[in-house]
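The values are calculated or read from the model by the stated rules, or taken from the named source; none is laboratory data. Computed from a predicted model, the values in this text were never measured in an experiment. For neighbour counting, all protein chains shown are included, and Cβ atoms are generated from backbone atoms with ideal geometry for every residue, glycine included. Each accessible area value is taken on the protein alone, full model and side chains, heavy atoms only, with ligands, DNA and RNA left out. Shrake-Rupley method; radii C 1.70, N 1.55, O 1.52, S 1.80 Å.
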Amino acid sequence: MSTEGQSAESPNPSPLEDPAAPAVVQQGSEPLLAVSGLHVEFRTQEGVARVLNGVRYHVDAGETLAVLGESGSGKSVTANTVMGILEMPPAAITAGEIRFRGEDLLTASASRRREVRGEGIAMIFQDALSALNPVFTVGFQIEEQLRKRRGMSRKDARKRAIELLDLVRIPNAKGRVRQFPHEFSGGMRQRAMIAMSLALDPEVLIADEPTTALDVTVQAQIMDLLAEIQRERNMGMILITHDLGVVAEVADRIAVMYAGRIVEEADVHSIYRKPGHPYTRALMDSMPRLDQRGQELNTIKGLPPSLTAIPEGCPFHPRCPLAIDLCREKDPELLTIAEGRVSACHRSDELMRDE
Amino acid sequence: MTDPTAAASAGKMETRAQEEITAEGHGARPGGGADDGKQRSLWGDAWVSLRRRPIFIISAVIILFLTVMALFPGLFTSVDPTKADLSLARQTPSADAWFGYDQQGRDIYARVIHGVRASLVVGVLATLGTVLLGSLVGLFAGFYGGWLDAILSRFADVFFGLPFVLGAIVILSTFNPPGTSYGPVRIIFQVIFSIVVLSWPVTMRIMRSAALTAKQQDYVKAARALGASPTRIIFRHLLPNTLAPVLVYGSIALGTYIALEATLSFLGVGLRTPVVSWGVMISDAKELIRIAPHMLLFPAGALAVTVLAFVMLGDAVRDALDPKMR
Amino acid sequence: MSEPILQVRDLVKHFPVKRGVLFRRTIGQVKAVDGVSFDLNKGETLGVVGESGCGKSTLAQVLMRLEPATSGTAMFEGQDIFSLRGAALRKLRRDIQIVLQDPYTSLNPRMTVGDIVGEPFEIHPEVAPKGDRQAKVRELLDVVGLSPEHANRYPHQFSGGQRQRIGIARALALRPKVIICDEPVSALDVSIQAQVMNLLAELRREFSLSYVFIAHDLSVVRHLSDRVGVMYLGRMVEMGTEQQIYEHPTHPYTQALLSSVPVPDPSLRGQREIIRLTGDVPSPVSPPSGCRFRTRCWKARDLCATETPPLVDPGTSPVEGATWPGGDEGAAHPSACHFPEEKPKVVA
């Protein structure tokens, strides 16, 4: 585990953790939100789980970055760390930077972080029912932020809340604003949560599995809505999901996570045309497709590694069909494999070459 | 239909055994479910986590100590707790009698040691009684639901609604009116009976709601789909999964029952001389608090420590068994 | 066509909605399943798709006799499974089994894996003599791709995928003829989902099983099913072979459902026509009159509100006003719509 030892000593030791290095960043411009070299551990009775091991990604205004990964890959933990809502302890941030408009949030004061939360970066969650407080009306929960953070009067806040519910296309917003979350259907609750997250006009919206709990017809509505709001407001959006279909429809760029690190990052078209990491390729192959009736699905053998015992070398090597001796020994760095693409694989050259 | 063995050898399934590379938790809970090859049940896990809690160690040591005291009081004192020597009445603690003497000139240290037995017997048996009665009624009410549940729950509500002390006074003064003097065993059982009768609704409610939750679980559905009988579902599937909250309550309740015994004795309806119990001692001391505070101090202190030990034990057990904490 | 092993006719399941503390009176009915008919043929997988609340899970519960049916029949090998009692019902349990959705709640956490997989033999001791049970359990674990050494472990020591394998082993123990799979892979990650789906396909071959495969994921259903039924608000709205449903859907709901599924191919972005339904599914307590989909349907006319479209083969019962693409065999399958028609290119 080379990354761990290095990063514990200096915050910016290797090229994979250097925010300036990734080829994906446009030259000369600071990204809206940039995460680099982020290491997070969970200290539990069973031992230390290394949940994030040098995560880096960035998002620009008006852009959608999809963070793709299976459960336990660290995609939600990264988001929670960015939001500053990680429960510490058991979690501990051991290294890394989270730069919002150039300002490192991890070293910022608690009050500054609160300020950024909501106004700079807002988040919506998978489970809207538990994310909304059941004992307050939907309107009250939107108005509360407006009154506290924007100093709005009760009346103005109510007016704005209705506008927001209108914006997310909740029918009869005037009446709905007085209702409680349980009186909303699943899709409506998700809309209400989106309205709530938009109340303070954030510049970055993190959507953590926003449609996983929803039916496919409702999912389509919500994804449309998110895309439209993002376009209108020129927001940066981080979409966290495991659904390769949703990603293909809305993302500009994709970052694939595995065992608490980014293993590949590329624009959406090239990654689907030719994955640059064996894990991405295997993930795409193992998915049943709507437009064909396959006989046997290709599977990824084995299980994701335990985060308390991440294998030596490349964390994917025990499951990788391409693994060679080098993969067992050396953790591959995230290197540029093509224009605007990075991959952490010793054999990505071959992957990119062969058909 | 093929035989599974034949299928296995013929099939050589592509998927088989693939997941065995790591027999690990799925990573959804980082660090959770670590498998070191040992077999560990949830109880086993709870035990491992219990052993690491100082509160558990402290309370367990106290309780162990009290148990030894109850079983072999002779190890701690050779003085007869009933031996009265009026010439020593109300003497304060000294090298001869560490805790001093009471109104009748009896050795308080010896009486505190001998009083453990009554307290523990009442506490343990009353807990066993409430847990058994309450759990059984709660399980059946929760599992069957409908009118059976309605009747049992209302029945429990009636007992639950009675103020404990009032109810106990009524029960005990009926069976054990002042002036009568039954043997210690009979009195102890009357006290236990009154505690059980008035306290079982609490365990019943805990068990009932646990059973209601467990009943909804898919494993119960699967068992029903296999054709499992109600008895099998109740005792094989519901009971093991509903026991934890009742046990936690039980260990905390044990402490409070010991205190209840003292309360009833203090009020004169519980244990009475010749039974040696802390409640009786506290009751004896109540008139003389100003003159001989040590008469109250030592039994009351012993009582407080004992109750605290059981409540701490209950807390530790709850923390260890609570899946949300892990 | 092979012979049907399970014939369901006009199955209805209503749950009463009750109110009141002391005197509970019924104030309505949740019409969870409201007149569903289908045949399951021997060795076939019938997929049932639909969104949450369409009644597909209730259908599974009723077929398993976990909930009593309100009305209707389900014939299995010549007898109505809803009328079975006592020993006959126990015998039925050996023939029809279920695999449940949630691998985390479907296994009793206080039992070892060996006890869980062996429980069917304890309930049906006639299947395996006591001495054989251990061996049988080990065989079963082996068949589903788990190591027999795992028999002494507890469920929480396994991952979601492995737990689902344990659930499958339990369902397989009594050598059933029919297995009802109620969302068996929807709680699993993509890579694990593929492993379990392959296992289910494999077992179907090895043990000549018939599956009723219930899921909300249309791609998963297509992958495993020979025929597919689409449910909406307690009714089956379209039924056909996998190809008929996915390539030639004629019911507007099926079309909308298929077009909503995101396609994992960014080059098709904006290329395909996507039907966006407005609003949510109406409450099953008071479903719309006539065609239940009419409140969200872009083709709805007056007729749809007054008359319930039957799920019939258009060949046998021509419907007034229906237009059919001439001679297309793909269209000739039951569709409960007054105006069924194919839409070109719903699926990419």
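Summary table
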| item | result |
| --- | --- |
| Scattering profile of chain A at q = 0.15 Å⁻¹ [log10 I(q)/I(0), Debye over alpha-carbon scatterers] | -1.32 |
| Under 16 Å from the Cα of residue C:18 - lysines, other chains or at least 8 residues apart | C:31 |
| Accessible area that becomes buried as C packs against B, both chains, 1.4 Å probe, Å², nearest 100 | 4700 |
| Cα-projected label distance for residue A:228 with residue A:183, points at 7 Å along beta-carbon direction, nm | 2.5 |
| Residue A:345 - accessible surface, heavy atoms, 1.4 Å probe, Å² rounded to 10 | 20 |
| From phi via Karplus (6.51, -1.76, 1.60), per-residue ³J(HN,Hα) for region B:219-231 in Hz, x at Gly/Pro | 5, 6, 4, 4, 5, 5, 5, 7, x, 5, 6, x, 4 |
| Solvent-accessible surface ranking, highest first, for C:142, A:156 at 1.4 angstrom | A:156, C:142 |
| Cys with no candidate disulfide partner in chain C (beta-carbon separation under 4.7 Å rule) | C:54, C:181, C:297, C:337 |
| Area accessible to solvent at residue B:160, 1.4 Å probe radius, in Å² | 100 |
| Counting all C-alpha pairs of region C:129-189, share separated by more than 14 Å (%) | 59 |
| Heavy atoms of residue A:272: accessible area, 1.4 Å probe, square angstrom to 10 | 40 |
| Computed Kirkwood radius, in angstrom, where 1/r is averaged over Cα pairs of region B:54-325 | 20.3 |
| More than 47 Å apart - percent of Cα-Cα pairs taken over the protein assembly as shown | 41 |
| Debye log10 I(q)/I(0) at q = 0.13, 0.18 Å⁻¹ for region A:259-327, Cα point scatterers | -0.45, -0.81 |
| Spherically averaged projected area of chain C from its Cα convex hull (nm²) | 20.8 |
| 10 Å Cβ neighbours from other chains, averaged over peptide C:110-116 | 3 |
| Which of B:306, A:336 is most accessible, then next, and so on - probe 1.4 Å | A:336, B:306 |
| Magnitude of the charge dipole, chain A, Cβ model with Lys/Arg +1 and Asp/Glu -1, debye to 20 | 1540 |
| Whole-Hz couplings from phi, Karplus 6.51/-1.76/1.60, listed for region A:164-172; x for Gly and Pro | 5, 5, 4, 4, 8, 6, 8, x, 6 |
| Most to least accessible of B:58, A:240, B:169 (protein chains only, probe 1.4 Å) | B:58, B:169, A:240 |
| Full-stretch length increase - residue B:290, residue B:174 - with 0.36 nm per residue and alpha-carbon distance subtracted | 38.4 nm |
| Inter-label distance, nm, simple model (7 Å from Cα along the C-beta direction), residue A:93/residue C:19 | 5.1 |
| Cβ-derived FRET efficiency at R0 60 Å, residue C:175 paired with residue C:267, nearest 0.05 | 0.80 |
| Amide H within-cut-off set for residue A:44, under 5 Å, with H built and near neighbours excluded | A:49 |
| Peptide C:199-209, shielding by other chains (average Cβ, 10 Å cutoff) | 4 |
| With eigenvalues of the C-alpha gyration tensor scaled by 5 and rooted, region B:105-146, Å | 40, 6, 4 |
| Helix-only mean residue ellipticity at 222 nm for chain C, each DSSP H run of n ≥ 4 adding -39500 (n - 2.57), per residue, nearest 500 | -8500 deg cm²/dmol |
| Across A:75/C:56; C:13/C:177; C:299/C:343; C:42/C:91, pairs whose alpha-carbon gap is larger than 22 Å | A:75/C:56; C:13/C:177 |
| Peptide C:145-158 - average C-beta neighbours from other chains (10 Å radius) | 5 |
| Calculated P(r) tail over 22 Å for region B:177-326, as whole % of Cα pairs | 56 |
| Modelled FRET efficiency - R0 35 Å, residue C:130 with residue A:129, Cβ distances, 0.05 increments | 0.15 |
| At R0 = 30 Å, FRET efficiency that the Cβ-Cβ distance of residue A:48 and residue B:61 yields, to 0.05 | 0.45 |
| Taking the convex hull of Cα positions in region C:4-64, its mean projected area over all directions (nm²) | 5.2 |
| Computed label-point distance, nm, for sites residue A:107 and residue C:75 using a 7 Å Cα→Cβ extension | 7.9 |
